[in-house]
Structure formats: C-alpha cells, structure tokens
1. Here is a list: Glu120, Glu146. Which entry is without any contact (Cβ under 8 Å) to a residue 60 or more places away in the chain, within 28 Å of Arg26 (Cβ to Cβ) and charged (D, E, K, R)?
2. Taking the range 120-134, which residues are more than 8 Å from the ligand (Cβ to nearest atom), surrounded by 14 or more Cβ atoms within 10 Å (Cβ to Cβ) and part of a loop (DSSP other than H, G, I, E, B)?
3. Only one of Arg67, Arg137 is modelled with pLDDT of 95 or more, surrounded by fewer than 21 Cβ atoms within 10 Å (Cβ to Cβ) and part of a loop (DSSP other than H, G, I, E, B). Can you tell me which?
4. Can you tell me how many residues within the range 135-147 are more than 13 Å from the ligand (Cβ to nearest atom) and of a type outside the set (Phe, Trp, Tyr)?
5. Restrict the check to the range 79-89 and report whether at least one residue is more than 21 Å from the chain's Cα centre (by Cα), surrounded by fewer than 18 Cβ atoms within 10 Å (Cβ to Cβ) and of a type outside the set (Asp, Glu).
6. Taking the conditions exactly as written (at pLDDT 95 or above, part of a loop (DSSP other than H, G, I, E, B) and out of contact with any Pro (no Cβ under 9 Å at 6 or more places or on another chain)), does Asn162 satisfy them or not?
7. For the range 135-155, how many residues are of a type outside the set (Phe, Trp, Tyr) and under 21 Å from Leu90 (Cα atoms)?
8. Can you tell me which of Ser88, Ser106 is part of a loop (DSSP other than H, G, I, E, B), more than 30 Å from Tyr38 (Cα to Cα), among the polar types (S, T, N, Q) and touching a residue at least 60 places away in the same chain (Cβ under 8 Å)?
Amino acid sequence: FETGALAGKKVVITAGPTREAIDPVRYISNHSSGKMGYALAEAAAEAGAETILISGPVSLTPPDRVRTIAVTSAQEMYEAALHEADGSELFIASAAVADYRPVQTSQQKIKKDAAEMTIELVKNPDIVSAVAALANRPFTVGFAAETANLENYARGKLERKNLDLVIANDVSDRTIGFNSDDNEVLVVEMNTSEAIPKINKSILARQLIAKIAEMTNPTK
Ligand code: C5P
C-alpha cells in the first residue's frame, strides 16, 4: 500500500444510514453502522487524498485528516454528494441510503388515536447514479448488499447505474457487513471479479483503496 497512491486526488465517500422523518420524533432508517465508509475514508486520507466524508447519523469518530459533512436525510446527502463530487476524481458510495421517504413529514408529533395508520412513501433520488451521470464524472464505485445471487445483482448494478466498480457483500451472513467489524466482499468490474476473503474492515479498506488507486492511475 503506497502512501502517496492518491496524492493530489479529491475523494468523496458517502457512509452510514439516512433518516427519513415521519414527524419531529420519528423516522425511517436502517442498521448501517458506517464502519466500512469510515474505514475507506481513513484509508483514502492515508493514501494522500483530499478526503470528504459525507456521513449520515452514526456513532463513529470522524477520521483524522478527513473533512466530514454530517447529513441526516437522503435528500441532504444527495445535495452534499453532488456538490462535492463535481470535479472530484473518485466517488465511493458506501452509504445505505433509505430507498423511500414519507411523502409528508408532520410538523407536529402524530398522536396514537387511530387504530390504523398509513404512511405514504416516495422514492429517494439515487445518489451514486446521479454522480455517475455527471458530465465531468469521477471514477465511481458503488456497493451492493445482497442476500443471494451476489455477482449477478452486482453486475446488474454496475451496468444500470453506469459504475466503474461494485463492491458486493452478502448481508444474510451476520458475521460480515452492516454492524460487523469484518467484511468479505466480491469486487466486480465490467469483465472480471475478485473475491476478497473475510478480513477486518480497516485492512479491507486499504486493499480496496490500493486497488482503486491502481485502476485510476495504472502507470504509477
Ligand atoms: O440499488 P441499491 O440501493 O442496492 O444500490 C446500492 C448502491 O447504490 C450503494 O453504493 C449505495 O450507496 C447507492 N445508493 C445511492 N443512493 C440511493 C440508493 C443507493 O447512492 N438512493
């Protein structure tokens, strides 16, 4: 792992979950811990990159030498990501963005008078697809959390979202992914794929950053 591998490059990473407000006290979210994204930001900074970490609500300490932008909702993450990614060299979408948000957010706490209630949801914008569609697009990396057909779904995401690389992991295995300190991934490119066996997330992050640095700057 070369310390200068990403020197002079601007790297933008999304991490953690998003929260979609129902009312002032309630929200829809998921179990993402942010650990993989924070480890990637630390590794990118170590590799010499100007590193921007756009983070949903997590209980992690922001890494040194990383500019962290705290966001809450998918829409906030979208705006920060598009703003920062424009003109950057590398974008890594490790956030577990909520797929839907409530159509309406109540300004007052909703009372529990009704026996039944329905929350209408609308789809959130796809952040990584929007970054990959920028005219001046960075090298764009997505994640795929799947419970089956890992490689097929990852390859589908690579093509549909127009990504350069997809890092896929099996979330049906509780010992890896989400809240775990370890991860085991399949790195999927257009014509090849590489399995990286179960390893600590910070070691994996360094391996992934080294691979991405090599792909974006193969002569170095
Ligand atoms: O489509 P799916 O959510 O499975 O794709 C996962 C990848 O897309 C991840 O890299 C995730 O960060 C990104 N994503 C995004 N914006 C969304 C949904 C997913 O950037 N609204």
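1. Working: Glu146 fails: within 28 Å of Arg26 (Cβ to Cβ).
Every option except Glu120 fails the conditions.
2. Within the range 120-134, Leu134 is the sole residue that qualifies.
3. Numbers: Arg67 fails: part of a loop (DSSP other than H, G, I, E, B).
Going through Arg67, Arg137 in turn, just one is modelled with pLDDT of 95 or more, surrounded by fewer than 21 Cβ atoms within 10 Å (Cβ to Cβ) and part of a loop (DSSP other than H, G, I, E, B): Arg137.
4. Number satisfying all stated conditions: 4.
5. So far as the range 79-89 goes, no, none of its residues is more than 21 Å from the chain's Cα centre (by Cα), surrounded by fewer than 18 Cβ atoms within 10 Å (Cβ to Cβ) and of a type outside the set (Asp, Glu).
6. Answer is yes for this residue.
7. 11
8. Values: Ser88 fails: more than 30 Å from Tyr38 (Cα to Cα).
Only one candidate passes the filter, namely Ser106.
The values are calculated or read from the model by the stated rules, or taken from the named source; none is laboratory data. For clarity, every value in this text was computed on a predicted model and none was experimentally measured. Note: ideal-geometry Cβ built from the backbone for every residue, glycine included; neighbour counts use all protein chains shown.
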